[in-house]
Amino acid sequence: MSDSFGYLDIILLAMIAGFIILRLRNILGRKTGHQDKVFTGFSEKKFDEFKEKIKSQTKQSPSEFDKEQKKEFLKGAEIAYETIINSFAKGDKKSLKDLLTKEMRKNFETAIEERNSKNIKSELTFIGIKSSVVEKFEKTTNALFFTVKFVSEIISVKRDKDNNVIEGDPNKIKTVIDRWKFTKDTASISPNWYLAEIKNS
């Protein structure tokens, strides 16, 4: 009897051991979350197409700018707007030089010289920009153009040689709406944009 029980014990242990081995093989043979993923549908051809798409995005035109890129452009345009307005009021031709196209620079310089010849003093306090928005994008063979609408608040006064106010009110904040067109040469490696046109409305 004891021998028969011994044989049965051995058989049972062998069956249990075999069962455990099969279970381990099933568990260890499965893919885990730590294994490298294989994308069978992502062929070499599709990968090349993906790379070309990335390249095209890096060379996108301003008309295809995303929200963040337009936000950055407007930030720079606002700085240029404030700088140009303040520099013009002060008659600072040097600061205007790198922000304007050649034609606009001549117009600004002519206006400053005419003002000086009449002994008119321009005073300006820039309160701030209430809003700015890109209204239009244009593209020609040689250049890109962005038209931006600015709504700003300023205090503007002009005085004669005797310091008498001849235009504006030193105690009144005025809301100004401007539409400025900025341009960039497509052949230029410079990232700078220049003021090309001003339209008051």
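The values are calculated or read from the model by the stated rules, or taken from the named source; none is laboratory data. Since we're looking at a predicted model, the values are computed, not measured. Cβ sites come from the backbone with ideal geometry, for glycine too, and all protein chains shown count toward neighbours.
For the stretch 133-146, does any single residue satisfy the condition of being more than 20 Å from Asp185 (Cα to Cα) and of a type in the set (Phe, Trp, Tyr)? Looking through the stretch 133-146, none of the residues is more than 20 Å from Asp185 (Cα to Cα) and of a type in the set (Phe, Trp, Tyr). In contact with a Gly (Cβ under 9 Å, 6 or more places away or on another chain) and outside any strand (DSSP E or B): is that true of Asn116 in this structure? Against the criterion (in contact with a Gly (Cβ under 9 Å, 6 or more places away or on another chain) and outside any strand (DSSP E or B)), Asn116 qualifies. A single entry from Asn171, Asn163 fulfils the requirement of being modelled with pLDDT of 90 or more, on the phi > 0 side of the Ramachandran plot, in a loop (DSSP other than H, G, I, E, B) and not small (Gly, Ala, Ser): Asn163. Regarding the stretch 127-134, can at least one residue be identified that is within 22 Å of Lys106 (Cβ to Cβ) and under 21 Å from the mean Cα position of the chain (by Cα)? Checked the stretch 127-134: no residue is within 22 Å of Lys106 (Cβ to Cβ) and under 21 Å from the mean Cα position of the chain (by Cα). From the list Glu197, Glu109, the lone residue that is without any contact (Cβ under 8 Å) to a residue 60 or more places away in the chain and acidic (Asp, Glu) is Glu109. Residues in the stretch 87-108 that are in a helix (DSSP H, G or I) and either crowded, with 16+ Cβ neighbours inside 10 Å or of a type in the set (Val, Ile, Thr) (or both): Ser87, Phe88, Ala89, Leu96, Met104, Arg105, Phe108. Starting from the stretch 77-98, keep only residues that are basic (Lys, Arg), then list their pairs with residues that are surrounded by fewer than 17 Cβ atoms within 10 Å (Cβ to Cβ) whose Cβ atoms are within a distance under 7 Å, requiring at least 6 positions of separation or different chains. Correct list of pairs: Lys93/Glu109. None of Ser122, Ser132, Ser152 is touching a Leu at 6+ places or on another chain (Cβ under 6 Å) and in a strand (DSSP E or B) except Ser132. With the structure loaded, tell me whether Val148 is touching a Phe, Trp or Tyr at 6+ places or on another chain (Cβ under 8 Å), hydrophobic (A, V, I, L, M, F, W, C) and modelled with pLDDT of 90 or more or whether it fails that test. Here the answer is yes, as Val148 does meet what is asked.
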